[in-house]
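Here the structure comes first, spelled out in structure tokens, and everything after it is commentary.
Read-outs: derived from the displayed coordinates by stated rules, not from any lab. Keep in mind that what you see is a predicted model, and the values were worked out from it rather than measured. Backbone-built Cβ (ideal geometry, glycine too); neighbour counts: all protein chains shown.
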Amino acid sequence: MDRLLLLMTTTTYRAGAFLDAARRLNIPVVVGSDCPQVLAAANPGGTLTVNFLESDEGSRTITEFAGQYPIQAVIAADDDGVILAAEASAALGLPYNSVEAVSAARNKYRMREVLAEAGIPTPRFRRISADENPGDVAPPVPFPCVLKPLSLSASRGVIRADNSEQFIAAFHRIVAILRRPELAAQGGELGREILVETFLPGVEVAVEGLLSKGRLRVLAIYDKPDPLNGPFFEETIYVTPSCLPTATQEKIVAHTAEAVKALGLWHGPIHAELRVNDQGPWVLEIAPRSIGGLCSRTLRFGDGISLEELILRHALRLEAESFERERQAAGVMMIPIPHGGILREVRGEAVAESVAGVEEIRITIPLGQEVVPVPEGARYLGFIFARGESPEGVEAALREAHRRLTFVITPDREDPEEKLESLSAERGHRADRRIATAG
């Protein structure tokens, strides 16, 4: 019996959605993880421990496994597994992106090089080493600029600098992040390099798509209504369908297709991030995987199938009734962390979930755990999901639900009530700044 190999690390949010989709399709799944599964012995052929950091070794493990348990498709749930999925698919003769294309998409600097060589508009950029003296390289591009670690994702370590002093401070902050033990062991060569590029003003959008032998089918365009101007770039709200003019959306799709072709991506899901300003769309990133976190819950297709089911059907060459997204607008708020500390309590969940249009609030960090905001952090407090008749209504519902939530976050041993007052005041200041920025 042919199986689907699903590559996922133990830190992924995506396991449940993909496994649920496989159960709906009655497809046997092999979970390929970076750690041994507790019940592996009770499920022979259902789990596999693979090396995500050394993709050559991981690919050999997969091909040996496939000799006993045939595999029909390989899917990576997150960024961590896309290169391994490409190598294993090539070894097994399965449709997928090439290792070269996936590697270029995963390397922010190489992606910039490829797009520039293809004549696709790109900001001025330069790569610098974390071992350099920032005073010797500043300013490598005109200010304002953005510094990005090559090995990280989800806005982690991304910082804007408007002058040399801010550039040097941002450089040292990113180096400190990259030298954290849990990252230093995983980053490899990319973990010692930083991309510096000119800051692009404008609104930001995300594109969710599916490639079939080089042909891009756009599944959704998300607006990001909160301005992302720095100094950090914490994402909050995604809403679809986009409210941008049709002509602008067509340009976004065209630029995404050009970037995908230039990178050599050919088959499977893609997630793109773009900036749009008076000069048109600019591709920020192209990832050879589907949207991250729990955000895929905003997407339903045809008679209500999930994004994950659509991806599995595509990988297994099964027909899908429709690739059209449902008519209702939908959105998600990735709940931001206002400041670091210990999450003590979440108040107001029931009241927030009673907001018209809100479908679910999922808090994903357990009480008693440390929370770390960007640029050092890589997690959100949770997710708010909403649906409605219009994108504007969905956005309003998400903001109102968030307004009704209170997060008690304290340094260790600090009184929760005192910190609650501080948090409420800080939230008010943040709202004032957001309104001023938007205006």
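Structure above, values below:
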{"item": "Value in Å of the Kirkwood radius, where the chain supplies the Cα pairs that are averaged", "result": "22.8 Å"}
{"item": "The range 150-240: relative contact order as a whole-number percent, Cα under 8 Å and 6+ apart", "result": "28 percent"}
{"item": "DSSP H segments from the chain that extend 24 Å or more along their own axis, Cα-based, with Kyte-Doolittle mean of -1.0 or above", "result": "246-263"}
{"item": "Dipole magnitude (debye, nearest 20) for the range 124-198, charges at Cβ of Lys, Arg, Asp, Glu", "result": "220 debye"}
{"item": "Convex hull of Cα atoms in the range 134-183, direction-averaged projection (nm²)", "result": "3.4 nm²"}
{"item": "Mean Cα-pair separation over length for the chain, i.e. relative contact order, pairs under 8 Å, 6 or more apart, %", "result": "13 percent"}
{"item": "Two-decimal Rg to Rh for the range 3-103 - Kirkwood Rh, Cα set", "result": "0.93"}
{"item": "Packing-based ranking, highest mean first, of 118-131, 160-173 given that Cβ atoms within 10 Å are counted", "result": "160-173, 118-131"}
{"item": "Cα-centred dipole magnitude for the range 3-103, charges only on beta-carbon of K, R (+1) and D, E (-1), debye, nearest 20", "result": "560 debye"}
{"item": "Pair Arg180, Arg362: separation of 7 Å Cα→Cβ label points (nm)", "result": "2.2 nm"}
{"item": "If the convex hull is drawn through the Cα atoms of the range 103-153, its volume per residue in Å³", "result": "95 Å³"}
{"item": "Ala247 paired with Asp278, simple spin-label distance in nm, labels 7 Å along Cα-to-beta-carbon", "result": "1.6 nm"}
{"item": "Sparse-neighbour loop sites [GluC sites (Glu not before Pro); the range 317-384; at most 13 other C-beta within 10 Å; DSSP]", "result": "Glu319, Glu321, Glu324"}
{"item": "Calculated [θ] (222 nm, deg cm²/dmol) that DSSP helices of n ≥ 4 give over the chain, each run adding -39,500 (n - 2.57)", "result": "-10500 deg cm²/dmol"}
{"item": "Extension gain (nm, one decimal) between Thr198 and Leu19, 0.36 nm per residue minus Cα-Cα", "result": "60.4 nm"}
{"item": "Net charge contributed by nearby residues that have their C-beta within less than 13 Å of Glu376 (K/R +1, D/E -1)", "result": "+2"}
{"item": "Cβ-placed point charges (K, R +1; D, E -1), dipole of the chain about Cα centre in debye, nearest 20", "result": "540 debye"}
{"item": "Under the Karplus curve 6.51 cos²θ - 1.76 cosθ + 1.60, θ = phi - 60°, whole-Hz ³J(HN,Hα) for the range 285-302, x wherever Gly or Pro sits", "result": "8, 10, 10, x, 7, 7, 4, x, x, 9, 5, 5, 4, 6, 10, 9, 10, x"}
{"item": "Within straight-line cross-link reach of Lys213, lysines at Cα separation under 21 Å, skipping those fewer than 8 residues along the same chain", "result": "Lys261"}
{"item": "Positive-end residue of Leu228, Thr410, His255, charge dipole of the chain with Cβ unit charges", "result": "His255"}
{"item": "Residues in the range 286-329 reached by a label modelled at Arg217 [backbone nitrogen below 12 Å; 7 Å Cα→Cβ]", "result": "301-302, 310-325"}
